[in-house]
1. Take the Cα atoms of region B:61-113, find their three principal axes, and give me the spread along each one in whole Å, biggest first.
2. Run the quick spin-label model on A:Thr77 and A:Thr5: label points 7 Å from Cα toward the beta carbon, then report their separation in nm to one decimal.
3. Taking just the C-alpha trace of chain A, give me its Rg and Dmax in Å.
4. In square nanometres and to one decimal, what's the mean projected area of the convex hull around the Cα atoms of chain B?
5. Calculate the length of the line joining the C-alpha centroid of region B:1-69 to that of region A:1-51, in whole Å.
6. With labels modelled as points extended 7 Å from the Cα through the Cβ direction, what inter-label distance (nm, one decimal) is found for A:Ile60 paired with A:Leu27?
7. Taking the Cα centre of the protein assembly as shown as the origin, how large is its charge dipole in debye, to the nearest 20, when only Lys and Arg (+1) and Asp and Glu (-1) carry charge on their Cβ atoms?
8. Where does the charge balance sit around A:Leu114 when Lys and Arg score +1, Asp and Glu -1, over other residues with C-beta under 10 Å from its C-beta?
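Where a number appears in this text, it was derived from the coordinates with a stated rule and is not lab data. This one's a predicted model, so the numbers in the text were calculated from it and none came from an experiment. Cβ sites come from the backbone with ideal geometry, for glycine too, and all protein chains shown count toward neighbours.
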Amino acid sequence: DGGITQSPKYLFRKEGQNVTLSCEQNLNHDAMYWYRQDPGQGLRLIYYSQIVNDFQKGDIAEGYSVSREKKESFPLTVTSAQKNPTAFYLCASSLQGTASSGANVLTFGAGSRLTVL
Amino acid sequence: AQSVTQPDIHITVSEGASLELRCNYSYGATPYLFWYVQSPGQGLQLLLKYFSGDTLVQGIKGFEAEFKRSQSSFNLRKPSVHWSDAAEYFCAVVRTGRRALTFGSGTRLQVQP
């Protein structure tokens, strides 16, 4: 079955450490996204990528980095520069093209919960 | 700037009662609007979407939503709530110049027996 796999589901980090969250999709989607979710704040966009080897900053990109070397993969690194990294991180993907073709309809992974100790 | 507002943080309804979750948006053109549902500790699932055409859209799990341009609203409704509908619901809009969605802060629905 096609879908998005995020790993790990739970991750604990000490202050000052970088951590990388994995996101893999087998939906053949061109676009991929990372969102951060905090209680009462909804989802906030960190980074997104519409094509391999290209990505754009979202609303809260500071302290995060991404890469898009393969169509299927869009890993997110939470660096030590991120001041408050404890959150639930969601990866998503979508088709490109027009709205009628399904673009903008996001499919989400199950999320990764990061806790800084 | 475009934004999405969900005025109700938490709503409690009795099982079998009707439901309406509010969503208001600020947008300069015809918006693309979405409703997603999230069970605790899980990802989001698309309930329904509006791009154009009929302003009343049907979704999965018996949900529907109505786009009202005059009120800048896209409220989600269900005529009879089931206990399994307890979850968090997010309204979202496509943001100009980007292909990514902008989400509201969510409404948590609790269903009483």
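1. 44, 22, 17
2. Those two pseudo-labels are separated by 2.3 nm.
3. 13.7, 45
4. Averaging across all directions leaves 6.9 nm² for the Cα convex hull.
5. 23 Å
6. 2.2 nm
7. 360 debye
8. With Lys, Arg at +1 and Asp, Glu at -1, the neighbours total +3.
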